[in-house]
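A short write-up of the structure that comes next.
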Amino acid sequence: MKAAVYHGDHSVTLDDVPDAVIARPTDAIVDIEYAGVCGSDLWTYRGQGADAPSRIGHEFVGTVREVGSQVSSVKAGDWVVVPFRYSDGECDYCRRGLETSCINGGFWGRESIDAGQGEAACVPQADGTLVKALPDGGRPDESLIPSLLTLTDVFTTGYHAAVCAHVKAGDTVTVVGDGAVGLCAIMAAKLLGAGRVINAGSSHEDRHRLARLFGADEVIEARGQEAVEMVGTLTSGSMSDVVLECVGSAQSFTTAIDMCAAGASLSYVGLPHGVEIDVKTLFYKNITITGGMSPAHHYIGSLLPAVLDGQIDPGMVYTQEYGLEDIARAYADMDQRRTIKPMIKVR
Ligand SMILES: [Zn+2]
């Protein structure tokens, strides 16, 4: 079968790889229909993630082709959403809703595990991992598929930021970052009742427009201290009740801390790179730091109704569609910021 393979700095190609096969009785094979390219794939693409060569991609949806003898929650033909880590659904962490720490879980594309940008994947721990989009396993309406694809990672990550920060009705929430996760965090904050959402660091006109579509009330182009001062002006000096940090760089983290009101929560979901925190600043302002890697599986079930009934449409985050054969161009376009987030149509 064909699948995307990372070969080193700025090189992802579509290669022939071994077919996905059932290896354990708890496995299922999923024929992948759509896949996303994630900001964390881009870190890998830029030479800061995985060893090469390695399979790549962890946002995918599709149809179950075959299940192992011990799989009971899905059957061949079911249309499923696949979270960005697999998990058993049974250990203490899974029961607590922290599937990202599952003792039998793992990331796609590591060692002998298939990844998400390809024609098919063998899914370990299928009962604990796969989520049917519809209760009967049926295929959802085509128009809903991009939004369902966001539940695998990008929207559930933005949502995790807002949930961890306990965003509540009336809060002023500032979202730092203009990438796909930031856009989803804006929508998630509104979903939880935020009164006012400010998006900081939105670099271009097309991103301003998207930020407003996702629910931002104010969009700030500036970054760093200039952005901090603008949040001060917009809030008459009181700063932000909640700050959602969706970049992961040292500068964006510092900016996010400075945007916090006293007693604020700062929630981070951008994969941190070179971030050091001045704990003393947190101390004097009673700032709570929260967030981390989103347990996507934990949120998919509760967010499905909002997607299926059209209450939210996070699928807008996929700004361009590519065929699987165009995977190299999809990466290059995202890397060069020609598109915010590619969606790969596999079949
Ligand atoms: Zn588990």
Thinking of the stretch 155-291 as a set of Cα atoms, what percent of all their pairs are more than 19 Å apart? 39 percent
Mind running the shape call on the stretch 60-118? Use the C-alpha gyration tensor, a ≥ b ≥ c as the square roots of the eigenvalues: rounded below 1.5 for a/c, prolate if a/b tops b/c, oblate otherwise. oblate
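So what's the convex hull volume per residue for the Cα atoms of the stretch 220-261, in Å³? Intermediate results must be reported in sequence, preceding the final value.
Details: hull volume 2.5 nm³, N = 42.
It is 59 Å³ per residue.
Of the DSSP beta bridges with both residues in the chain, give the percent that are antiparallel, rounding to the nearest 5. List each step's numbers first, then the result.
Numbers: 32 of 58 bridges.
Rounded to the nearest five, the antiparallel share is 55 percent.
Can you pull out the GluC sites (Glu not before Pro) in the stretch 73-130 that DSSP calls coil and that have at most 12 other Cβ atoms within 10 Å?
Details: sites: Glu90, Glu99, Glu111, Glu119; in loops: Glu90, Glu111, Glu119.
Here the sparse-neighbourhood loop sites are Glu111.
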Where a ≥ b ≥ c are root eigenvalues of the Cα gyration tensor, a/c under 1.5 meaning rounded, otherwise prolate if a/b exceeds b/c and oblate otherwise, the stretch 1-112 counts as oblate
For 295-306, 242-253, 46-57, 142-153, ranked highest to lowest by mean beta-carbon neighbours within 10 Å, the order is 242-253, 142-153, 295-306, 46-57
Take the stretch 143-190, compute every pairwise Cα distance, and split them into 10 Å bins from 0; I just need the percent in each bin. 29, 52, 18, 1
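Tell me, in nm to one decimal, what length is gained between Thr233 and Ala328 on full extension, where the rule is 0.36 nm per residue of separation less the Cα-Cα distance? Write down the numbers at each step before the final one.
Numbers: separation 95, 0.36 × 95 = 34.20 nm, distance 4.33 nm.
Length gained, Thr233 through Ala328: 29.9 nm.
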Just to confirm, what accessible area per residue do you get for the stretch 148-272 at 1.4 Å probe, in whole Å²? 33 Å²
Between Ala262 and Gln70, how many nm apart are label points set 7 Å from Cα along the C-beta direction? 5.6 nm
Counting other Cβ atoms within 10 Å, keep those with at most 13, restrict to DSSP loop, and tell me which trypsin sites (Lys or Arg not before Pro) in the stretch 69-157 are left. Lys75, Arg96, Arg110
In degrees, nearest 10, range 0 to 90: what is the angle between the Cα axis of helix 180-191 and the longest Cα principal axis of the chain? 70 degrees
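Assuming R0 = 41 Å, can you tell me the calculated FRET efficiency for the pair Asp31 and Glu205, based on Cβ-Cβ distance, to the nearest 0.05?
On the way: r = 39 Å, r/R0 = 0.95.
Using R0 = 41 Å, I get an efficiency of 0.60.
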Treating cross-link reach as a plain straight distance, find the lysines whose alpha-carbon is under 30 Å from the alpha-carbon of Lys2, omitting any fewer than eight places away in the same chain. Lys75, Lys132, Lys341, Lys345
Which residues qualify? For Val123, with a placed amide H closer than 5 Å and at least 5 residues away or on another chain, they are Ala28, Ile29, Val30
Full extension from Met1 to Thr281: what is 0.36 nm times the residue separation minus their Cα-Cα distance, to one decimal in nm? 95.5 nm
Taking H as built 1.01 Å from N, whose amide H comes closer than 5 Å to the amide H of Val219, not counting residues under 5 places away? Asn199
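Find the relative contact order for the chain and round it to a whole percent, using C-alpha pairs within less than 8 Å whose residues are 6+ positions apart. Could the numbers behind the result be given before it?
On the way: 867 pairs, mean separation 62.7, N = 347.
Value for the chain: 18 percent.
Helix-only estimate, please: 222 nm mean residue ellipticity of the chain, summing -39500 (n - 2.57) across DSSP H runs of length 4 or more and dividing by its residues, to the nearest 500.
On the way: 12 runs with 102 residues, N = 347.
Estimated from H runs of four or more residues: -8000 deg cm²/dmol.
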Note the angle between two axes, namely the Cα long axis of helix 296-308 and the longest principal axis of the Cα atoms of the chain, as a number of degrees from 0 to 90, rounded to the nearest 10. 90 degrees
Using only Cα positions of the chain, each an equal point scatterer, no hydration layer, compute I(q)/I(0) via Debye at q = 0.09, 0.14 Å⁻¹ and quote the log10 values to two decimals. -0.46, -1.10
Tell me the label-point distance for the pair Arg24, Arg96, using the 7 Å Cα-to-Cβ offset, in nm and rounded to one decimal. 2.2 nm
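The values are calculated or read from the model by the stated rules, or taken from the named source; none is laboratory data. Given the structure is predicted, the values throughout are model-derived calculations rather than measurements. Note that we place each Cβ from the backbone using ideal geometry, even for glycine, and neighbour counts take in every protein chain shown. Protein only, heavy atoms only, side chains kept; ligands, DNA and RNA dropped before computing areas. Shrake-Rupley method; radii C 1.70, N 1.55, O 1.52, S 1.80 Å.
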